[in-house]
1. Please enumerate the residues belonging to the range 199-224 that are under 28 Å from Met596 (Cβ atoms) and either among the basic types (Lys, Arg) or open to solvent by 30 Å² or more (accessible area, probe 1.4 Å) (or both).
2. Go through (1) within 16 Å of the ligand (Cβ to nearest atom); (2) open to solvent by less than 30 Å² (accessible area, probe 1.4 Å); (3) closer than 30 Å to Phe360 by Cβ and name the single condition Glu79 misses.
3. For the range 161-175, give me each residue that is within 11 Å of Lys600 (Cβ to Cβ) and either surrounded by 18 or more Cβ atoms within 10 Å (Cβ to Cβ) or in contact with a Cys (Cβ under 9 Å, 6 or more places away or on another chain) (or both).
4. Taking the range 558-568 as the search range and keeping residues that are in a loop (DSSP other than H, G, I, E, B) and touching a strand residue (DSSP E or B) at 6+ places or on another chain (Cβ under 9 Å), which one is surrounded by the fewest Cβ atoms within 10 Å (Cβ to Cβ)?
5. So which pairs qualify, if the first residue must be in the range 291-308 and part of a strand (DSSP E or B) and open to solvent by less than 40 Å² (accessible area, probe 1.4 Å), the second must be more than 12 Å from the ligand (Cβ to nearest atom) and hydroxyl-bearing (Ser, Thr, Tyr), the Cβ gap must be under 6 Å, and the two must be at least 6 apart or on different chains?
6. Could you list, in sequence order, the residues of the range 239-280 that are open to solvent by 60 Å² or more (accessible area, probe 1.4 Å) and part of a strand (DSSP E or B)?
7. Return yes when Leu195 is touching a helix residue (DSSP H, G or I) at 6+ places or on another chain (Cβ under 6 Å) and either buried (at least 17 other Cβ atoms within 10 Å of the Cβ) or under 21 Å from Ala64 (Cα atoms) (or both) and no when it is not.
Amino acid sequence: MELISLAGTSSFFGWGILPLLAVGLTYYQYHNADPESHPRNAQELLRMYDFIVVGGGSAGAVVASRLSEISNWTVLLLEAGGDENEISDVPALAGYTQLSDIDWKYQTAPPSASAYCLAMIGDRCNWPRGKVLGGSSVLNAMIYVRGNRHDFDLWESLGNPGWSYRDVLPYFIKSEDNRNPYLARSPYHGTGGLLTVQEATWRTPLSLAFIQAGNELGYPNRDINGVNQTGFMLSQLTVRRGSRCSTAKAFLRPVRNRKNLHIAMFAQATKILFNDDKRAIGVEFMRNGRKQVAHVRREVVLSSGSIGSPQLLMLSGVGPKEHLQEFDIPVLSDLRVGDNLQDHVGLGGLTFLIDEPVTFKKSRFQTFPVAMEYIINERGPMTTSGVEGLAFVNSKYANTNIDWPDVQFHFSPSSISSDDGDIIRRITGLRDSVYNTMYKPLIKSEAWSILPLLLRPKSSGWIRLKSKDPFVYPDINPNYFTHKEDMDVLVDAIRIAMEVSNTTAFQRFGSRPLTIPMPGCHKFQFDTYDYWECAIRHFTFTIYHPTGTCKMGPERDPTAVVDTRLRVHGIKGLRVADASIMPTIVNGNPNAAVIMIGEKASDMIKEDWLRRRRQPGR
Ligand SMILES: Cc1cc2nc3c(=O)[nH]c(=O)nc-3n(C[C@H](O)[C@H](O)[C@H](O)COP(=O)(O)OP(=O)(O)OC[C@H]3O[C@@H](n4cnc5c(N)ncnc54)[C@H](O)[C@@H]3O)c2cc1C
């Protein structure tokens with residue numbers, strides 16, 4: 001628009017003005033003042049900072065941004081990866097970032113205690129994590145869900161005062177800039193914050209069928225980030241003008257010109273350094289092939305995520321004593337780092353066929369006009385994350401006396417093969433036998449799917465070092481389905497998904513389940529408990545929500561790693577602020593809660609240090 005109006009004025013001033021303008025803009029480096037311009041990768045670092053934040057992901061970007069609001073504090077953000085790119089910006093291309101350079105490309109260890117991920121090559125599930133400024137918020141599906149008020153009240157009741165729903169709600173609201181007027185009006189949402197949240201502006205007709213189906217089943221269409229969670233709704237997303245709004249875009253780009261904030265990309269922390277008093281005094285990191293050290297005056301904040309944070313703590317001598325001794329790592333604080341690994345897990349590839357040409361397919365939407373609509377108008381099919389609707393429902397095992405549903409549905413107007421086998425097949429790591437038998441035959445069909453997800457798993461796993469070498473990935477054991485109750489809830493969730501397909505809303509499109517049996521499950525009759533258990537153990541689908549590996553809890557809790565102010569027990573000058581501190585996994589996609597943790601951590605750090613300054617002698 002601006003260019004068009006400039007072109008209009010050029011006839012008045014003559015053509016000479018455009019080159020003049022271009023020279024002027026370059027001379028004054030106009031982009032420097034643009035809050036949307038990318039952050040700079042600082043090359044010259046100081047020897048000492050007030051704070052060092054390790055990891056610039058969903059939480060770390062928030063912490064670095066908020067701490068550097070105090071202009072006389074110097075802040076260094078160390079990020080192992082580089083910057084976001086054009087592909088990661090496009091919601092519909094989210095899958096393309098996985099297994100790319102900006103993904104750590106973790107995998108689960110082959111199962112031992114119980115069977116899962118059997119349909120995947122090597123019986124390992126891929127666990128993507130963002131290795132990029134913005135972290136996993138650059139790879140994720142952008143779904144904005146806060147969790148349930150009972151999650152946070154539970155955290156408080158486990159000995160964490162200050163973390164009840166009433167306490168944390170203001171932090172969710174603080175970050176948010178909700179762009180849907182009907183949501184923005186609600187007291188549960190915020191406007192004017194740094195993180196843009198809105199519903200997708202484009203959707204298939206099936207999204208409305210999904211909401212109507214919920215109604216038919218007795219579930220209201222409601223804002224699941226509002227007063228109650230149980231119900232169906234269109235997805236709220238962290239997007240801005242049709243593009244991804246990662247935490248790097250939201251929290252770091254606007255402050256890129258702060259002199260007191262240095263962002264060092266491609267800098268992977270390898271160890272936290274301590275003095276004899278067990279106080280963190282600096283961080284050792286690798287950058288440009290060189291080992292370097294940055295010292296810290298006040299605190300190190302570890303925000304390396306649920307895999308990176310426990311790994312770095314253990315490498316630095318904070319972790320289970322017997323495990324660290326295996327690697328001859330001197331033990332500074334014997335804590336259950338790496339335990340309590342909780343994740344959301346469900347059945348992948350639960351597919352329904354329809355007769356109408358309304359689904360989201362590569363052949364229909366990866367076209368030149370669609371691309372141009374995105375580039376020019378920031379609208380159209382490229383702006384969708386692929387998950388058009390969400391539902392929070394109760395399995396028959398849920399306590400319906402309280403609003404705390406135990407199952408989440410992700411509704412997609414597509415199937416595993418809607419992209420013609422390009423990406424989804426690769427990023428799920430499906431064996432050829434499974435893809436070719438079940439999903440390849442659907443390439444020409446119209447299909448939609450529901451991902452039924454277990455919200456509060458009883459099974460939990462652990463992260464353990466495989467080596468003292470910080471560049472060797474740790475062992476990831478999610479231990480899915482060691483508790484039968486988890487399987488019971490999921491099988492019942494599949495039955496509810498079948499009911500969704502049977503509603504009038506979906507029958508209008510001729511909806512019916514895909515009945516090709518999962519390879520490996522032929523011996524069970526389709527749609528029995530045993531069949532679904534077998535299918536779940538094969539096409540085990542995590543949507544990558546690992547949490548809890550540096551659990552928050554009081555000192556009396558032998559499983560706690562950080563206290564309620566996120567300070568590592570037994571250590572000075574070191575906090576953890578990311579998904580790993582969750583004592584229990586939140587009831588829904590965790591990104592919003594992780595951002596809340598970043599906000600609250602920053603406020604606590606400010607309170608602690610600014611109060612100390614005002615009260616000399618403490
Ligand atoms: C594919 C995918 C889809 C998802 N979809 C959704 C969704 O739609 N909605 C939702 O709510 N949640 C979603 N999630 C989960 C959500 O994105 C994460 O829970 C959240 O981003 C975790 O934030 P974090 O700050 O704990 O870790 P991260 O965001 O992963 O940040 C950790 C950062 O630390 C850096 N780092 C790690 N180790 C080091 C080191 N040693 N030195 C320096 N830097 C280091 C990493 O590179 C990274 O940038 C998804 C996740 C993935 C991977």
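The values are calculated or read from the model by the stated rules, or taken from the named source; none is laboratory data. On a predicted model such as this, the values are computed, not experimentally measured, just so you know. Don't worry about glycine lacking a Cβ; one is built from the backbone with ideal geometry, like all the others, and counts go over all protein chains shown. In case anyone asks, the SASA skips ligands and DNA or RNA and just uses the protein heavy atoms, side chains included. Shrake-Rupley method; radii C 1.70, N 1.55, O 1.52, S 1.80 Å.
1. Within the range 199-224, Thr201, Arg203, Tyr219, Pro220, Asn221, Arg222, Asp223 qualify.
2. (3)
3. Residues satisfying the conditions are Trp163, Val168, Tyr171, Phe172, Lys174, Ser175.
4. Top of the filtered list is Arg565.
5. Hits for this filter: Val296/Tyr49.
6. Matches in the range 239-280: Lys271, Arg279.
7. Values: touching a helix residue (DSSP H, G or I) at 6+ places or on another chain (Cβ under 6 Å): yes; either buried (at least 17 other Cβ atoms within 10 Å of the Cβ) or under 21 Å from Ala64 (Cα atoms) (or both): yes.
Against the criterion (touching a helix residue (DSSP H, G or I) at 6+ places or on another chain (Cβ under 6 Å) and either buried (at least 17 other Cβ atoms within 10 Å of the Cβ) or under 21 Å from Ala64 (Cα atoms) (or both)), Leu195 qualifies.
This table checks each residue for (1) touching a residue at least 24 places away in the same chain (Cβ under 8 Å); (2) in contact with a strand residue (DSSP E or B) (Cβ under 6 Å, 6 or more places away or on another chain); (3) more than 16 Å from the ligand (Cβ to nearest atom); (4) closer than 29 Å to Asp488 by Cα.
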site	(1), (2), (3), (4)
His545	yes, no, no, yes
Arg556	yes, no, yes, no
Gly570	yes, yes, yes, no
Leu574	yes, yes, no, no
Ile581	yes, yes, no, yes
Ile585	yes, yes, no, yes
Met596	yes, no, no, no
